[in-house]
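Inspection log for the structure reproduced underneath, given as structure tokens.
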Amino acid sequence: MEHDLHPVSPEFASNTLVTETQYQEQYARSLSDPEGFWSEQAKKYLHWFEDWEKVLSGGFDSLDVHWFSGGKLNVSFNCLDRHLATRAEQPAIIWEGDDPKDSKVINYRELHEQVCKFANVLKHYGVRKGDRVSIYLPMIPEAAIAMLACTRIGAVHSVVFGGFSSEALKTRIQDADCQIVITANEGIRGSKIVPLKHNVDTALKECPNVRNVIVVKRTQNQVAWNSSRDVWYHDAMSQIKTECAPAIMDAEDPLFILYTSGSTGKPKGILHGTAGYLLYAAMTHKLVFDYHDKEIYWCTADVGWITGHSYCVYGPLANGATTLLFEGVPTYPTASRFWEVIDKHKVNIFYTAPTAIRALRREGDDWVKRTSRKSLRVLGTVGEPINPEAWEWYYHIVGEARCPIADTWWQTETGGIMISALPGATPLKPGAAAWPFFGIVPMIIDDEGKPVPDGKMGKLVITQPWPGMLQTVYQNPERFVNAYFKEFPGRYLTGDQAYRDADGYYWISGRSDDVLKISGHRIGTQEVESALIRHQAVSEAAVVAIPDPIKGQSIYAFVTLKVGFHSNDDLKKELVQTVRESIGAIAIPEHIQFTEGMPKTRSGKIMRRLLRKIANNDLTDLGDLTTLADPGVVDEIIRDREIK
Ligand code: PRX
């Protein structure tokens, strides 16, 4: 395959944190002497109250991986206190509201104070070390404050994306057994109101263990109030002391739980630990974005996702960076918004998702060209493969061919970036995630687990532990093993398909399992199917992905109805509503096709491979249908397909 290679410009390479030669040398060192390598990094990037006894013990064979055992530290201390001597007045957070007139700057001194106060509020409401706290907030500074306050006292946060429904929130609160929920009366995105407190009230009808709800007043609108349970954030903060000593945490104490979708069952509570995660988030933030002191860095992700955890909050703040938090959407009030914010706050490093790039590219170049963007130095993307057209547009129109693009491949489970170009060190190939980060050993294997030659597509696995990796699936160690290590013992299975080219670049093509990526959001087909089946009319549902020019993928659902129910447009609307209520708007099917039956094998398994082809209107080679229990159903499904 031929691809344009964009060499590193000498001008950029002269002032980069890592050059190509240094990358090669340090990468080799990180593999030949991982303990020495990570020990040096841990000293360089983190402040420790007590040193560790062992950098790394265990491995993927025994699955008892430990990082920095015996070490003591505190995440909020690393993100705040240690910067006060040198950068108390430096902006820590620049907040840009949904309305362009709304923004504010919080410096490190102020952020430290707010976090200490809120940590005391949490203590006041009975939160202790190890307790789980649910955070269901919009993109406002209080989201970062709440997360850091949890880490200050050793509580484990579980952030739930504000776009998830009350039902999705409920299952996450129950699974982690959270006793405190932090929310806002309402959120605002693209001038639309998000009824967060209302959703919490609904969720809590089935969460008897929740004692208190702490509510940030984001809008002036009234919301229902339960005075024995609900507390205003500003009231709680107004009479609380500002000193709060950081809890001394073990390196391996749990830091947070973040739910993410898999190919089976309910979302998994991915558990990340303290030291390994923070080190990996900090180091990748610094090197992948080539972060130089005092630069303004903006990651457009929501804190409800891992990208928001690692690259809006923990990575940048651990490095004493200025991180911009954005409450709004890329197209409000106009498609110039991102670029206007970049000019307004002189953003140097900008990190977003391919879906946003594609959506803005569609709006035309003028929205970009009317802004200056001269502060920009480095660009990044994350969440799904970026197609070369979108890449070229981002590179040439947004970055004016002077900003390298880091196409960062990673996952909720990996804690931080695993495969990416390092700006200034890696010649770029549009659409390739490029090279592994230090200490990361990817491998592409076939279905039998054998490594495949370069250029051949296979399953992407990681063969060595790394500090940012998940510790387990919360309260479900069996699922941890089954999901990631059972199929290929001794290797971490990513669930992605990829190939490596002759230059050692990794090209990620997408998931190899039943996980969808809709606008970069990770959704399990089974979750959507379970949501559809909740409707009384539905007997069976099968969900597949079809390509979408903006969202990357969209959902195509096949639905069979129970006897006595009839397909019509109203029913389609009800099904959409059911999915919205069970999961959220991000999981709504674009297409719903009613069928008399599903193509099933004689053992009763739905033949998804076939449905995927039909949904994609790819009827050339439907494969072997002789194993179907009732091949007759296929003709009807083909006839009624939505895309022709
Ligand atoms: O399929 C890969 C895709 O996103 C999945 C992980 O999703 P999530 O846990 O939600 O984390 C997203 C943000 C880190 C991966 O298994 N993915 C992520 N980044 C890329 C990507 N696919 C291709 N290229 C990327 N740069």
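The values are calculated or read from the model by the stated rules, or taken from the named source; none is laboratory data. These numbers come from a predicted model, not from an experiment. Because the Cβ atoms are built from the backbone with ideal geometry, glycine has one as well, and the counts that use them run over all protein chains shown. These accessible areas exclude ligands, DNA and RNA; they are computed on the full protein's heavy atoms, side chains included. Shrake-Rupley method; radii C 1.70, N 1.55, O 1.52, S 1.80 Å.
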query = What do you get for Rg/Rh of the stretch 107-249 when both radii come from the Cα atoms and Rh is the Kirkwood radius?
reply = 0.94
ask   = In whole Hz, what ³J(HN,Hα) sequence does the stretch 239-245 give by Karplus (6.51, -1.76, 1.60; θ = phi - 60°), x for Gly and Pro?
value = 10, 9, 6, 8, 9, 8, 5
ask   = Of all the stretches in the chain, which is the longest one without any exposed loop site, taking GluC sites (Glu not before Pro) in a DSSP loop (any state but H, G, I, E, B) with at most 10 other Cβ atoms within 10 Å?
value = 244-447
query = Where does the chain land at 222 nm, in deg cm²/dmol rounded to the nearest 500, when only DSSP H runs of n ≥ 4 count, each adding -39500 (n - 2.57), divided by all residues?
reply = -8000 deg cm²/dmol
task = Take the Cβ-Cβ distance between VAL563 and LEU625 as r, set R0 to 25 Å, and report the resulting FRET efficiency rounded to the nearest 0.05.
result = 0.45
ask   = For ASN221, what is the net charge nearby, where nearby means another residue's Cβ is under 14 Å from its Cβ and Lys, Arg count +1, Asp, Glu -1?
value = +3
Karplus 3J(HN,Hα) series, Hz, for the stretch 274-282 with 6.51 cos²θ - 1.76 cosθ + 1.60 (x for Gly, Pro) = 7, 6, x, 4, 5, 4, 5, 5, 5
query = Under 16 Å from the Cα of LYS450, which lysines turn up, not counting those fewer than eight places away in the same chain?
reply = LYS459, LYS486
ask   = Which value in nm describes the separation of the simple spin-label points at GLU89 and LYS294, placed 7 Å from the Cα toward the beta carbon?
value = 1.3
task = May I ask for the Kirkwood hydrodynamic radius of the stretch 406-541, worked out over all distinct Cα pairs and given in angstroms to one decimal?
result = 16.4
Summed residue charge, Cβ within 12 Å of LEU80's Cβ, Lys/Arg positive, Asp/Glu negative = +1
note = Toy charge model, Lys and Arg Cβ at +1, Asp and Glu Cβ at -1: the chain dipole around Cα centroid in debye, rounded to 20, equals 1240
task = Counting other Cβ atoms within 10 Å, keep those with at most 16, restrict to DSSP loop, and tell me which trypsin sites (Lys or Arg not before Pro) in the stretch 316-379 are left.
result = LYS346, ARG370, LYS374
request  = Return the whole-Å distance between the Cα centroid of the stretch 452-477 and the Cα centroid of the stretch 228-255.
outcome  = 35
task = Report the full-extension gain for the segment THR219 to LYS644: residue separation times 0.36 nm, less the Cα-Cα distance, to one decimal in nm.
result = 148.4 nm
message = So, R0 is 60 Å and r is the distance between the beta-carbons of ASP447 and HIS124; what FRET efficiency does that work out to, to 0.05?
response = 0.65
inquiry  = What does the charge count around TYR484 come to, taking other residues whose C-beta lies under 11 Å from its C-beta (Lys +1, Arg +1, Asp -1, Glu -1)?
reply    = +2
request  = Pop the C-beta distance of ARG362 and LYS101 into the FRET formula with R0 = 22 Å and round what comes out to the nearest 0.05.
outcome  = 0.25
query = Tell me, in nm to one decimal, what length is gained between GLU243 and GLU487 on full extension, where the rule is 0.36 nm per residue of separation less the Cα-Cα distance?
reply = 82.9 nm
Solvent exposure of the stretch 23-161 as accessible area per residue, Å², 1.4 Å probe = 37
task = Would you mind telling me the antiparallel percentage of the DSSP bridges in the chain, rounded to 5?
result = 60
query = Can you list the HN-Hα couplings for the stretch 47-64, worked out from phi with the Karplus curve (6.51, -1.76, 1.60; θ = phi - 60°), rounded to whole Hz and with x for Gly and Pro?
reply = 9, 10, 6, 9, 5, 7, 8, 9, 5, 9, 9, x, x, 6, 6, 8, 6, 10
ask   = So which trypsin sites (Lys or Arg not before Pro) in the stretch 544-638 are both in a DSSP loop and have at most 14 other Cβ atoms within 10 Å of their Cβ?
value = LYS562, ARG602, LYS605
key: Label-to-label distance, nm, for residues given as SER227 and ARG370 (7 Å Cα→Cβ offset)   = 5.1
query = Could you list log10 I(q)/I(0) for the chain at q = 0.08 Å⁻¹, which the Debye formula gives when each Cα is one point scatterer?
reply = -0.58
remark   = Links exceeding 28 Å between C-alpha atoms in this model, out of LYS123/LYS344; LYS54/LYS123; LYS294/LYS374; LYS43/LYS266; LYS101/LYS241, come to LYS123/LYS344; LYS54/LYS123; LYS43/LYS266; LYS101/LYS241
remark   = Percent antiparallel among DSSP beta bridges confined to the stretch 45-179, rounded to 5, stands at 70
query = Considering amide H positions built from the backbone, and no H for Pro or chain starts, which residues 5 or more places from ILE592, or on another chain, come under 5 Å of its amide H?
reply = ALA557
ask   = Taking the radius of gyration and the Kirkwood hydrodynamic radius from Cα positions alone, what is the Rg/Rh ratio for the stretch 518-639, to two decimal places?
value = 0.95
query = Which far-off residues, 5 or more places away or on another chain, put their amide H under 5 Å from the one on GLY265, with H placed in the peptide plane?
reply = none
request  = Straight distance only, please: which aspartates and glutamates reach the Cα of LYS346 with their own Cα at less than 12 Å, same-chain residues fewer than 8 apart left out?
outcome  = GLU295
task = With an 8 Å cut-off on Cα pairs and a minimum separation of 6 or more residues, tell me the relative contact order of the stretch 107-249 in percent.
result = 28
request  = Give the percent of DSSP beta bridges with both residues in the stretch 253-376 that are antiparallel, rounded to the nearest 5.
outcome  = 50
message = Run through the stretch 3-74 and list the trypsin sites (Lys or Arg not before Pro) located in a DSSP loop whose Cβ has at most 10 other Cβ atoms within 10 Å.
response = none
Separation in nanometres of the label points that stand 7 Å from Cα toward Cβ, at ASP618 and THR21 = 4.6
ask   = Counting only protein heavy atoms, what percent of the accessible surface of the chain is carbon or sulfur at a 1.4 Å probe?
value = 49
